[in-house]
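**Q** Would you mind keeping the following structure in view while I ask a few things?
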Amino acid sequence: MKRVLLALICLPGLACAADLTIEAPVVPLAPPGVMAHAAFMQISNTGDSLRQLVGVSSPDYAMAHIHQTAEQDGIATMSSVDLIEIAPGQTVTFAYGGLHIMLMHPKAALAEGDTVALSLQFANGAVQPVIAKVMRLHRHGS
């Protein structure tokens, strides 16, 4: 898989998360008319301090939340996650069937090759901008 390393771009007045590496940010292409999309990526803490991801937003959607998918007794469930701790040296993966960013009510239809702007929000006030590419993904077993 091609690695994508994003340059850190900060808006005036916002702190950047300079000790994080974001790799492979993607929004899987969804059928037209679908009102809920997901975003996947890997977040690595390259610093010396614990990082706490506490939220996400996107100007491209009405709502964005961190969710966890789990299976219990053969039934898949999804729940909101308020805090993800990323220890120094740790990588947290957002992927099918686990942690993901749930994006609700897109403001425009998405096509393969489009991009989605995301802002990852951390407990220390840092904001990490991420640009995720919209692309067709194939899951194992499908």
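The values are calculated or read from the model by the stated rules, or taken from the named source; none is laboratory data. From a predicted model like this one, the values you see are computed outputs, not experimental measurements. Note that we place each Cβ from the backbone using ideal geometry, even for glycine, and neighbour counts take in every protein chain shown.
**Q** Determine the pairs where a residue that is farther than 10 Å from residue 37 by Cβ, located within region 98-117, has a partner that is part of a strand (DSSP E or B) and among the basic types (Lys, Arg) with Cβ atoms under 8 Å apart, the partner being 6 or more residues away or on another chain.
**A** 113/133; 114/133; 115/133
**Q** Still on this structure, I have one more. For region 62-72, state whether one or more residues are out of contact with any helix residue (DSSP H, G or I) (no Cβ under 8 Å at 6 or more places or on another chain), part of a loop (DSSP other than H, G, I, E, B) and either among the acidic types (Asp, Glu) or closer than 24 Å to residue 21 by Cα (or both).
**A** No, there is no match, as no residue in region 62-72 is out of contact with any helix residue (DSSP H, G or I) (no Cβ under 8 Å at 6 or more places or on another chain), part of a loop (DSSP other than H, G, I, E, B) and either among the acidic types (Asp, Glu) or closer than 24 Å to residue 21 by Cα (or both).
**Q** Do any residues in region 120-142 that are under 16 Å from residue 56 (Cβ atoms) have Cβ atoms under 6 Å from those of residues that are modelled with pLDDT under 90 and of a type outside the set (S, T, N, Q), where the two are at least six apart or on different chains, and which pairs are they?
**A** Every condition considered, the pairs that remain are 122/17; 125/15; 126/15; 126/17; 127/14; 128/17; 129/9.
**Q** Pick from region 85-103 the residues that are outside any loop (DSSP other than H, G, I, E, B) and within 12 Å of the chain's Cα centre (by Cα): which of them is nearest to residue 70 (Cα to Cα)?
**A** 99
**Q** Something else: Being within 22 Å of residue 31 (Cβ to Cβ) and of a type in the set (Gly, Ala, Ser) narrows it down to one residue among 111, 123; which is it?
**A** Among 111, 123, only 111 is within 22 Å of residue 31 (Cβ to Cβ) and of a type in the set (Gly, Ala, Ser).
**Q** I'm trying to understand the selection: among the residues of region 6-53, which are modelled with pLDDT of 90 or more, over 28 Å from residue 136 (Cα atoms) and under 16 Å from the mean Cα position of the chain (by Cα)?
**A** Correct list: 51, 52.
**Q** Give the number of residues within region 104-120 that are surrounded by fewer than 18 Cβ atoms within 10 Å (Cβ to Cβ) and part of a strand (DSSP E or B).
**A** Selection size over region 104-120: 5.
**Q** Check off (1) at pLDDT 95 or above; (2) in a loop (DSSP other than H, G, I, E, B) for residue 140 and give me the number that stays unchecked.
**A** Looking at each condition in turn, residue 140 falls short on (1).
**Q** On the basis of being at pLDDT 95 or above and either of a type in the set (Ser, Thr, Tyr) or exposed (fewer than 11 other Cβ atoms within 10 Å of the Cβ) (or both), does residue 59 make the cut?
**A** So residue 59 passes the test.
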